[in-house]
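The values are calculated or read from the model by the stated rules, or taken from the named source; none is laboratory data. None of these values were measured; they are calculated from a predicted model. With ideal geometry, Cβ positions are generated from the backbone for all residues, glycine too; neighbour counts draw on all protein chains shown. What goes into the accessible areas is simple: the full protein's heavy atoms, side chains included, and nothing from ligands, DNA or RNA. Shrake-Rupley method; radii C 1.70, N 1.55, O 1.52, S 1.80 Å.
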Amino acid sequence: MDVIPFENTWPYERMSGDIYFDECPFCGERHVLTSMSLEALELAKEGVKVSINLPCCRGRLTVLEADDDYLWTNQALRK
């Protein structure tokens, strides 16, 4: 698999079994609870594609991989 550029990453936080973004990569909303489950996070860490719907702006991310700090997606999220 090709190397995913850092522009395609977004940091996440794990709190009480939920996955949060400090800020939405699309609309900038703060403290966004994602639809991602812990099971989906574990699948992403294994390299399985996972989709996330963001409730703040109905944005959608396709996560290609994950590590303990970042979700690695198929689109640029940073400039």
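Restricting the first residue to the stretch 64-79 and requiring it to be under 17 Å from Thr34 (Cα atoms), which pairs with a second residue that is part of a strand (DSSP E or B) and open to solvent by 80 Å² or more (accessible area, probe 1.4 Å) meet a Cβ separation below 9 Å and a spacing of at least six or different chains?
Asp68/Arg14
Within the stretch 31-40, can one find any residue that is of a type in the set (Asp, Glu), under 16 Å from Leu61 (Cβ atoms) and either touching a helix residue (DSSP H, G or I) at 6+ places or on another chain (Cβ under 9 Å) or modelled with pLDDT of 95 or more (or both)?
Our first condition is that a residue be of a type in the set (Asp, Glu); within the stretch 31-40, this holds for 39.
Next cut, under 16 Å from Leu61 (Cβ atoms) only: none.
For the stretch 31-40, residues of a type in the set (Asp, Glu), under 16 Å from Leu61 (Cβ atoms) and either touching a helix residue (DSSP H, G or I) at 6+ places or on another chain (Cβ under 9 Å) or modelled with pLDDT of 95 or more (or both): absent.
So Arg78 clears everything in (1) modelled with pLDDT of 95 or more; (2) part of a loop (DSSP other than H, G, I, E, B) except one condition, right? Which one?
(1)
Go through the stretch 51-61 residue by residue and tally those that are of a type outside the set (Lys, Arg), in a strand (DSSP E or B) and over 9 Å from the mean Cα position of the chain (by Cα). I'd like the intermediate steps shown before the answer.
Within the stretch 51-61, the subset of a type outside the set (Lys, Arg) is 51-57, 59, 61.
Of the ones still in play, those that are also in a strand (DSSP E or B) are 51-53, 61.
After this cut, where a residue has to be over 9 Å from the mean Cα position of the chain (by Cα) as well, the list is 53.
Counting residues in the stretch 51-61 that are of a type outside the set (Lys, Arg), in a strand (DSSP E or B) and over 9 Å from the mean Cα position of the chain (by Cα) gives 1.
Please tell me if Asp2 is open to solvent by 60 Å² or more (accessible area, probe 1.4 Å), free of Cβ contacts under 8 Å to residues at least 12 places away in the same chain, on the phi < 0 side of the Ramachandran plot and in a strand (DSSP E or B).
Answer is no for this residue.
Return yes when Ala44 is of a type in the set (Gly, Ala, Ser), in a helix (DSSP H, G or I) and out of contact with any Asp or Glu (no Cβ under 8 Å at 6 or more places or on another chain) and no when it is not.
no
Can you name every residue in the stretch 15-39 that is in contact with a strand residue (DSSP E or B) (Cβ under 9 Å, 6 or more places away or on another chain) and among the acidic types (Asp, Glu)?
Asp18, Asp22, Glu23, Glu29
How about the stretch 31-62: which of its residues are among the hydroxyl-bearing types (Ser, Thr, Tyr) and either touching a residue at least 60 places away in the same chain (Cβ under 8 Å) or crowded, with 20+ Cβ neighbours inside 10 Å (or both)?
Initially, the stretch 31-62 is screened for residues among the hydroxyl-bearing types (Ser, Thr, Tyr), giving 34-35, 37, 51, 62.
Scanning the stretch 31-62 gives a single hit, Thr34.
Which of the residues that make up the stretch 5-30 are open to solvent by less than 20 Å² (accessible area, probe 1.4 Å) and hydroxyl-bearing (Ser, Thr, Tyr)?
Matches in the stretch 5-30: Thr9, Tyr12.
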